[in-house]
C-alpha cells in the first residue's frame, strides 16, 4: 500500500495524492518514510502539521529514521525546544525560513506556514489533513507544487471559536476540511486507504470500525490473544473488577448512578483518576508483538471532552500517578497509549448538543489504546439519546456525514453494555 502511494506521488500525473487512514494505521510512518524518500531525491520538502505537538513528534521520528537528513523547524519566536527536537542531530529552529540554512525538510504548523509569504517547494506533505481548515490550505497552497495529504476522515473535524453558520453550504466555507475542498475541485486525484490498524487490538478494531467507519472499515494488524494485559495484584473493589474486565475483553464500563451534574462532575472525575491510579498500583503488565513490559504512567491516558474536566481529573491524581496524560480529545488526537480511561462526553448531561454528539470526538477518545479502554459514564445515556435525536438542519451543498454522532454513540454504548 505504501509503495502504491509513493508510486502515485512520484509519477507526476497528479498535483496531489490523498491517503485515508483509520486510527493507528501508520499515518506517521507513511509521512516519515515519504519524507525520507522525497528528501533523498535532493528536492526540498515542506511538511505541514496541525499542532506543535504533531510537529515535534514528526521531528523525533524523522531523526530516528533518517538522522542524516537536515530538518528546519519553523516556529514562533517564543517557542521553547522540546527534548524531541533537541535530540534530533540535524535540526535547526527558527522563526524565519531564511534563518534555517536551506534544510532538506522544512516543517511547521499550518498556522506558521500561513505567515510565510516567500519561497516555494516542489514537494509538500500535509499531515492530519482532515483536521486542517480549507482556508488554511488556501493560504499555504502557493508554497508547493505537489503534495501528499494524509489524514483520518473519522476523527475530529476542523473547528473554530467563532460563529461559522453564515458560510455553511457555500463553496468557500472555510470550515470544510482541506481534503473535502481538494477533492471537490479535483475529483480525479487518487485516494488510497490504509486497511489495517496497528494500534487497535483485535478486540477494538471491529468495534471502532462499525461505529465510526461504516463504509470503509479496517481490521487490526494483530489477532485475538496476541496482546495481553493483566495485573499482578488481585482485585479488591469494583473499580478493580472493571479493570479486569477491560484487560480480558479490551473494553470496560464503569457506570455511575444516573444524575444530572455540572460539567466538572466530581464523582466522575474521581472515578477516572482512581481507575488510572489503580492500574498502576496493581502492577499492570502489557504484552504484545513488541514485547512485555510494565504499565507505566506515560503509557496511560485519561481523555475528556472539555479542558476543565481534564483539569479536575488531573488535580485528583495521586503523586505516584502524576505522569499519566490527562487531556481533551483534540490534544490526544494522533497519540497512542496502552490503557486509556475515557469520561464519556454525554455523562451527566440534560441534553445532547452537537458538540457532545460529535462522532469524531468519541472516535478519538475510544481509539487511543493498544490494549484496553475503560469508559466512565453516568447511567442514562441511551435514554438521553432517545430523548434528543439528531435535529441538526440539513443544508444544501453540504454532504451528509456518516455516521452521525447519535448513531455512533448508540453503537459504542451497545458494545460496552455487552462487554
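FYI, it's all coordinate maths here, none of it is from the lab. These numbers were taken from a predicted model, which means no experiment stands behind them. Using ideal geometry, Cβ is built from the backbone for each residue, glycine included, and neighbour counts are taken over all protein chains shown.
For region 264-349, the alpha carbon positions stretch 41, 26, 18 Å along the principal axes, listed from largest to smallest. Cα centroid separation, region 18-75 to region 79-148: 10 Å.
In percent, rounded to a whole number, the relative contact order of region 2-194 is 30, using alpha-carbon pairs under 8 Å and six or more apart.
So how do 35-43, 12-20 stack up, highest first, on mean other-Cβ count within 10 Å? Don't jump to the answer; show the numbers that get you there.
Values: 35-43: 16.7, 12-20: 19.1.
Ranked from most to least packed, the peptides come out as 12-20, 35-43.
Taking only the C-alpha atoms of region 163-206, the Rg (one decimal) and the largest Cα-Cα distance, Dmax (whole number), read 16.2, 43 Å. Taking packing as the residue-averaged number of other Cβ atoms within 10 angstrom, the listed peptides 284-291, 273-280, 208-215 run from highest to lowest as 273-280, 208-215, 284-291.
How much of the DSSP bridge set in the chain is antiparallel, in percent, rounded to the nearest 5? Don't jump to the answer; show the numbers that get you there.
Numbers: 9 of 61 bridges.
Bridges in the chain are about 15 percent antiparallel.
Pairs of alpha-carbon atoms within less than 8 angstrom and 6+ residues apart define the contacts here; what relative contact order does the chain have, in percent?
Numbers: 841 pairs, mean separation 66.0, N = 419.
Relative contact order for the chain comes out at 16 percent.
Taking the square root of 5 times each eigenvalue of the Cα gyration tensor, what semi-axes in Å does the equivalent ellipsoid of region 92-217 have, largest first?
Working: eigenvalues 166, 83, 42 Å².
For region 92-217, the ellipsoid semi-axes come out as 29, 20, 15 Å.
Under 20 °C and 1.002 mPa s, how fast does region 1-117 diffuse according to Stokes-Einstein, given a Kirkwood radius computed over C-alpha pairs? Answer in µm²/s, whole number. D = 145 µm²/s. When each of the peptides 230-239, 2-11, 123-132 is scored by the mean number of other C-beta atoms lying within 10 Å of its residues, the order from highest to lowest reads 123-132, 2-11, 230-239.
Here the chain yields Rg over Rh of 0.97, to two decimals, using C-alpha coordinates and the Kirkwood radius.
Once the Cα atoms are used to define both axes, helix 405-418 deviates from the longest principal axis of the chain by about 50 degrees. In plain terms, the C-alpha convex hull of region 205-418 casts an average shadow of 12.0 nm² when viewed from every direction. As I understand it, the value is the acute angle between the Cα axis of helix 238-249 and the longest principal axis of the Cα atoms of the chain; what does it come to in degrees, rounded to 10? That helix lies at roughly 50 degrees to the long axis.
For the chain, the longest principal axis of the C-alpha atoms and the axis of helix 307-316 are separated by about 50°. In the chain, the DSSP-assigned H stretches of four residues or longer account for a calculated mean residue ellipticity at 222 nm of -9500 deg cm²/dmol, using -39500 (n - 2.57) per stretch and the full residue count as denominator.
Restricting the calculation to alpha carbons of region 314-394 gives Rg and Dmax of 14.5, 49 angstrom.
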